[in-house]
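Each remark here refers to the structure printed beneath this line.
Read-outs: derived from the displayed coordinates by stated rules, not from any lab. Being a predicted model, the structure only gives us computed values, none of them experimental. Here the Cβ positions follow ideal geometry from the backbone for every residue, glycine too, while neighbour counts run over all protein chains shown.
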Amino acid sequence: MKTDVEELTPTRVKLTVEVPFDELKPNLDKAYKEISQQVRIKGFRPGKVPAPLIDKYVGRGAVLQEAVNDALPELYGRAVEETEIFVLGQPEVEVTELDDGNQFAFTAEVDIRPKFEIPDYDGLEVTVDDAEVGDEQIEEALGNLRERFASLTAANRPIEEGDFATIDLAATIDGEEIEDASTTGYSYEVGSESAIEGLDAALLGLSAEESKTFTSTLVGGERAGEEAEITVTAQSVKVKNLPEPDDDFAQMASEFDTIDELREDVRTRLARQVRLQQISDARDKALEALLERVDIPLPDKVVTEEIQRREQQLDQQLQMAGMTRADYLKDEEKSEEDFETEIAEAARLAVKGGFLLDQLAVQEELEVQNEELSEYVVSQAMQMGVQPQQLAQYLTENDQLPAIVSEVLRSKSLNLLVEHVTVKDESGNEIDVEAVRRELSGDTGETVQAAESETAEAAEGDDDAETGATGTDATGTEAAEAEAPAAEAADTPEDEKEEKKDA
């Protein structure tokens, strides 16, 4: 077999492959056998029809076509291996010659990973935020925990901002009631601006059993986008009561006996999160700094696929949140054109970064060990809330292991890059990233890779929306929910939100 490579662009090549006809013999034999199973010729059992009769009644051309289709994947793979190119995606194949008994030839156009040299990255310097945890952050975290243990009590007064109101909504257009825009027993936090425009203003000052009508644009249902008359009726008014930040609260919400112990634990956990964020930022900024030093040609098809992946991911997240693309753009104050530009830029940067990390892995001869692969699967399974064996089985059955290997390899490349970069905080203190990683791993008994991933997901939620994450609350107090009283008479805001979902 002879293979020639023609470079069409820096990211696309054309392979011209010539194959002696003798090499197709196994494929021809297989084709005859399979066709023999399918044809019915008097005097011959299925599978026993001689080749000359198949040529006569079915046609030699059909046999050749079957053999060529069977041979092409293997021949293409051999051509790629012999030419030592790194292909991306599926090729466009064209049979250019099929001379029965003499020669077979085909061409294959395919995108390839671009060739480029990685510039020297020793001496790169990046700056990350100081690892400071202020009293305001601690109080905010405690406040979030108090919110989780808040209770609701009935209030015999007009509605004020921050109250939870149980309401009925009725919408009409030209006197016709719109059923899918009407509801009863809807629990709503006044001032959250999480429902239709104008609802918050209409509710303020209403007492139980009072109603008010206002005009607004429907955001969902068959009449979405149309203006309707909305009548809101307040059924009840409830006030949110936060528990006092005292020792009793600490015992209720955590494993600690005093509020001072809980506050110190919050400080420790926040400090760990901040240091993890420093590592995550150092990785991102090191990659950004190196990317600025190298020009990498990008295959249009690969960039387009990345754009489509990010848009699909956003649409799925918006659908889960009950929002449309238009809602999202309005909230972000972006035009469709601005959004598409940002998505394209983010996609190109992501593809470029992937190529750079892949090349760095090749240059530094990095490899993925079985234990590293297992560690990655375990950390991902923990974040997804599934058993590692279950995730591993899914990845294997769906041929996802090569992608996971690539992901781990890129992570190793990024770790190597950070080891050669000088990382300082804004105060000018140099940070030994590897020492911090070892310290945090030793302190927690978990992999820093998993913790970094969790921190990065929490920090990059906005990027993912343009491009969802699991995590704990700001305190990380895992026993809080388990130790919460199970039989309190008062409703909680969470109960109200569940009622809202049911409605």
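Here are some notes:
- For region 251-346, trypsin sites (Lys or Arg not before Pro) meeting the loop criterion (DSSP other than H, G, I, E, B) and having at most 14 other Cβ atoms within 10 Å: R293.
- Cβ-derived FRET efficiency at R0 35 Å, S374 paired with E288, nearest 0.05: 0.70
- Computed from the C-beta positions of E439 and E125 and an R0 of 25 Å, the FRET efficiency is 0.65 to the nearest 0.05.
- Estimated inter-spin distance, F21 and L401, nm [label 7 Å along Cα→Cβ]: 4.1 nm
- Rounded Å value of the spacing that divides the Cα centres of region 207-277 and region 133-161: 7 Å
- Label corresponding to semi-axes √(5λ) of the Cα gyration tensor in Å when calculated from the structure given, among (1) 53, 33, 19; (2) 57, 35, 23; (3) 48, 23, 18: (2)
- Restricting region 235-331 to GluC sites (Glu not before Pro) in coil, as DSSP defines it, with at most 15 other Cβ within 10 Å: E255, E292
- Listed residues V126, V58, I112: farthest to the positive end of the dipole of the chain (Cβ charges): V58
- Dipole moment magnitude, nearest 20 debye, the chain about Cα centre, only Lys, Arg, Asp, Glu C-beta charged: 3340 debye
- Förster radius 30 Å - calculated FRET efficiency between E222 and S192, Cβ distance, rounded to 0.05: 0.70
- Taking a ≥ b ≥ c as the square roots of the eigenvalues of the Cα gyration tensor, region 118-268 is classed as oblate, since a/c reaches at least 1.5 and a/b does not exceed b/c.
- Pairs of Cα atoms farther than 20 Å apart, region 2-112, %: 47 percent
- Gap separating the Cα centres of region 72-116 and region 319-368, nearest whole Å: 31 Å
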